[in-house]
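The structure appears below as structure tokens.
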Amino acid sequence: MKTLPQPWTAAMEATVFTGWIYDHLQPHAAALKAAHPLMLRAIAAAKKKNDRIDASKICDCLRCDFLPECYMAPAAIRERRRTLRYRNLLVRQMVQMKNKIGMLLMEAGVSYNKQRLHKAGYFRELLATNPDINEGLVSLLRLCRETVVRLQRTESALVRSLERDSLLMDRVELCGAEKSSANTV
């Protein structure tokens, strides 16, 4: 970058990887812009597509001040969003596993208390005392339950880390939400 004529301006198409590249180049550039990918495609629609042609089109748009810019959140905000997206994934996987436990029991014709099924004590008691659950099903149910517990522990650790995040807690207080809802902000 030191060999580039100074000052220099750059633009790139926003992708999943744009954040760290943007952060790396930002201190060295006079101006750095991230182009909105959907709007850029509408502007630079072409039959021939490759990286060299795309880069040329982005440069042309930048020179003509016609680049459809998108907002680039600060690194700290992007990190919080990544953590919240990961927590969302964990919660969805946990729900899938809990639903799978119920489905496995229903497939085998096992009656169970829906409200208590995911409580550890009831689950152990159900596996130990219900004669309709064979050994093959027991191993699948235990595997599902272990996965749910592991996901819950990971999700709890994420929530604790989010609760220690002062910026996130300030935002929660501004909108009048409780601390327990901070993980959905």
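Give the residues of region 36-50 that are at pLDDT below 90 and either among the β-branched types (Val, Ile, Thr) or surrounded by 13 or more Cβ atoms within 10 Å (Cβ to Cβ) (or both), sorted by residue number. First the steps, then the outcome.
Step one: list which residues in region 36-50 are at pLDDT below 90, which gives 37-50.
Of everything in region 36-50, those that are at pLDDT below 90 and either among the β-branched types (Val, Ile, Thr) or surrounded by 13 or more Cβ atoms within 10 Å (Cβ to Cβ) (or both) turn out to be Pro37, Met39, Leu40, Arg41, Ile43, Ala44.
What is the one condition in (1) over 16 Å from Gln152 (Cβ atoms); (2) at pLDDT 95 or above that Lys100 does not satisfy?
Exception for Lys100: condition (1).
Test Lys33 against the criterion of being surrounded by 12 or more Cβ atoms within 10 Å (Cβ to Cβ), within 25 Å of Ala157 (Cα to Cα) and in contact (Cβ under 8 Å) with a residue 12 or more places away in the chain, and give yes or no.
Spelling it out, it is not the case that Lys33 is surrounded by 12 or more Cβ atoms within 10 Å (Cβ to Cβ), within 25 Å of Ala157 (Cα to Cα) and in contact (Cβ under 8 Å) with a residue 12 or more places away in the chain.
Per-residue answers, yes or no, for (1) part of a helix (DSSP H, G or I); (2) not basic (Lys, Arg):
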| residue | (1), (2) |
| --- | --- |
| Arg80 | yes, no |
| Thr83 | yes, yes |
| Leu89 | yes, yes |
| Lys100 | yes, no |
| Met103 | yes, yes |
| Ser111 | no, yes |
| His118 | no, yes |
| Gly121 | yes, yes |
| Val138 | yes, yes |
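Scan region 58-77 for residues that are in a helix (DSSP H, G or I) and surrounded by 15 or more Cβ atoms within 10 Å (Cβ to Cβ) and jot them down.
Ile58, Cys61, Leu62
Exactly one condition in (1) in contact with a Lys or Arg (Cβ under 7 Å, 6 or more places away or on another chain); (2) on the phi > 0 side of the Ramachandran plot; (3) charged (D, E, K, R) is not met by Asp65; state its number.
Asp65 satisfies every listed condition except (1).
Enumerate the pairs (first residue in region 147-170 and touching a residue at least 24 places away in the same chain (Cβ under 8 Å); second residue anywhere and of a type in the set (Gly, Ala, Ser) and surrounded by 12 or more Cβ atoms within 10 Å (Cβ to Cβ)) with beta-carbon separation below 9 Å, excluding pairs fewer than 6 apart on the same chain, so at least 6 apart or on different chains.
Taking only residues 6 or more apart or on different chains, the pairs are Val159/Ala182; Leu162/Ala182; Asp165/Ala182; Leu168/Ala182.
Kindly indicate whether any position in region 20-30 is more than 23 Å from the chain's Cα centre (by Cα), among the polar types (S, T, N, Q) and closer than 22 Å to Arg82 by Cα.
The answer is yes; a qualifying residue exists.
Checking the structure you have, find out if any residue of region 54-67 is modelled with pLDDT of 90 or more and in contact with a Cys (Cβ under 8 Å, 6 or more places away or on another chain).
Scanning region 54-67, I find at least one residue that is modelled with pLDDT of 90 or more and in contact with a Cys (Cβ under 8 Å, 6 or more places away or on another chain), so the answer is yes.
Somewhere in region 35-47, is a residue closer than 30 Å to Glu146 by Cα, in a helix (DSSP H, G or I) and among the basic types (Lys, Arg)? Let's see the steps before the verdict.
Initially, region 35-47 is screened for residues closer than 30 Å to Glu146 by Cα, giving none.
Within region 35-47, not a single residue is closer than 30 Å to Glu146 by Cα, in a helix (DSSP H, G or I) and among the basic types (Lys, Arg).
Going through region 1-34 one residue at a time, which ones are assigned to a loop (DSSP other than H, G, I, E, B) and over 16 Å from Ala73 (Cβ atoms)?
Within region 1-34, Met1, Lys2, Thr3, Leu4, Pro5, Gln6, Pro7, Trp8, Ala29, Ala30 qualify.
The values are calculated or read from the model by the stated rules, or taken from the named source; none is laboratory data. Small disclaimer: the values here were computed from a predicted structure and weren't measured. All Cβ positions, even for glycine, are placed from backbone atoms using ideal geometry, and neighbour counts span all protein chains on display.
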